[in-house]
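K.L.:
Questions regarding the structure given below will be posed in turn.
All of the numbers you see were taken from the coordinates with simple rules; none came from a lab. Predicted model, so just to flag it, every value in this text is computed and none were measured. Glycine also receives a Cβ, built like all others from the backbone with ideal geometry; neighbour counts cover every protein chain displayed.
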């Protein structure tokens, strides 16, 4: 290992690795752990030409393992230090903040066998681009497991690095273009080995065949040769093509369309369900103002309606919870919105209050509340893998309200921090799930799901992307859909 980089993202890496990597069945506690803490030199292909960058790599891996034993790297962090002016000639001077997703290729070698793993890190929040000097972006994220196919030393070596960098203006709007893709290669002549693990011989027992990679043919001449190490996979966030259709009306000057994604905690289960990327249609109404000094107040109302498959709902998702307090149960969750009245400013479910402070450098602060009324329906229920007939009308006995709040602050030239309706960002809040009704075909199952899911408020965090303003084309693809596709963040 090389370098002595500081592990600035370690705490975030722990939470993210547990969330995205998951608890891998069959994993065993290692007798000892070794720390990966390397700083390597890379050369990246920037829009203006090749430039050098520094890449910091951190993780924890066991010192030893047995053939067939799952090895799960932990606490992964990737840092990249970009040179000054890295985005010049692409997003130009309009770029105020940048967020990154980094993908490091790691070669898993054992004997003469090799497999490729991909370590993926993302920034927790956008980072301000400094006026002068370089920029360091810290990421953390998911690492697939490795399962050695036989005895002998197993090594992990750093390979190529790619990155997608998303830039926004100081107002939180996408730049044009909104992303920069980089491909980077490690400079030759440096040590790229990150870790070496001692893999035992499992007491002389033959190594188990990996469940993904093919083993060597079962011939006498091949016996004793090391099997290809198995590398696990991770659940990917939705790619742009996986986001549902979200086409705006270019003839409506008051309409915007946007994507949202996030998590909803179920308090009783001490866990969270992830909801996939969803489309939301926002209709703004004419604002009201109170002009200062010393402050100007702007009040904005809007109606936000979800849209999926022609219905006002979130895309269905699969949730896991416990019935009887211990029995694992899975179900498809359908969250259908009861939309506000059309063309009714009084019934608007989005309220934004902007304050411009004349005496404090025209500092802008805004608080936005979004209230969405839902009915939750359960279907395709399985208890411990066995289908459970719940009927077609298993749902909450009454609608419930999800109340979200987003706050934003900015003062030019300082970039926006937080949320505004026209730039997107994080919205947080809670919802209390009512009792269930209509569950069961041959028996009444209402109390079962009420006991498992209903009750005290659960925390919700949604990330809204920057909207597409269809009338002007700002923030839109050529197909009049939002350019910004957010990722769910816990």
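K.L.:
Can you pull the semi-axes for region 343-433, root of five times each eigenvalue of the Cα gyration tensor, sorted largest first, whole Å?
P.N.:
Semi-axes (√(5λ), whole Å): 41, 16, 9.
K.L.:
Using Cβ contacts closer than 10 Å as the measure, can you line up 397, 286, 307 from fewest to most?
P.N.:
Exposure proxy ranking, most exposed first: 286, 397, 307.
K.L.:
Scale the Cα Rg of region 337-490 by the rule-of-thumb value 2.2 N^0.38 Å and send over the ratio, two decimals.
P.N.:
This ratio for region 337-490 stands at 1.37.
K.L.:
Same structure again: At R0 = 30 Å, how high is the FRET efficiency between residue 103 and residue 63 if r is their beta carbon distance? Nearest 0.05 is fine.
P.N.:
Approximately 0.70, to the nearest 0.05.
K.L.:
Here's another thing I want to ask about it. Once you place label points 7 Å from the Cα toward the Cβ at residue 116 and residue 190, how far apart are they in nm?
P.N.:
Once both label points are built, they end up 2.1 nm from each other.
K.L.:
Could you list 358, 410 so that the one with the fewest beta carbons within 10 Å of its beta carbon is first and the one with the most is last?
P.N.:
In increasing order of surrounding Cβ atoms, one gets 358, 410.
K.L.:
Work out the FRET efficiency for residue 153 and residue 41 from their Cβ-Cβ distance, taking R0 = 30 Å, and round it to the nearest 0.05.
P.N.:
Efficiency computed from Cβ-Cβ geometry: 0.70.
K.L.:
Arranged from highest to lowest average of other beta-carbon atoms within 10 Å per residue, in what order do the peptides 244-253, 126-135 appear?
P.N.:
Going by the mean number of other Cβ atoms within 10 Å, highest first, we get 244-253, 126-135.
K.L.:
Using the Kirkwood formula on the Cα atoms of region 240-464, what hydrodynamic radius do you get, in angstrom to one decimal?
P.N.:
19.2 Å
K.L.:
What ranking of 377, 401 emerges when the number of other C-beta atoms within 10 Å of each C-beta is taken as an exposure proxy, fewest first?
P.N.:
The most exposed by this proxy come first: 401, 377.
K.L.:
D for region 35-159, whole µm²/s, Stokes-Einstein with Kirkwood Rh over alpha-carbon pairs at 25 °C and 0.890 mPa s: what number?
P.N.:
Rounded to a whole number, D works out at 152 µm²/s.
K.L.:
Same structure again: Residue 254 to residue 355: FRET efficiency via 1/(1 + (r/R0)^6), r the Cβ-Cβ distance, R0 35 Å, to the nearest 0.05?
P.N.:
For residue 254 and residue 355, the calculated efficiency is 0.90.
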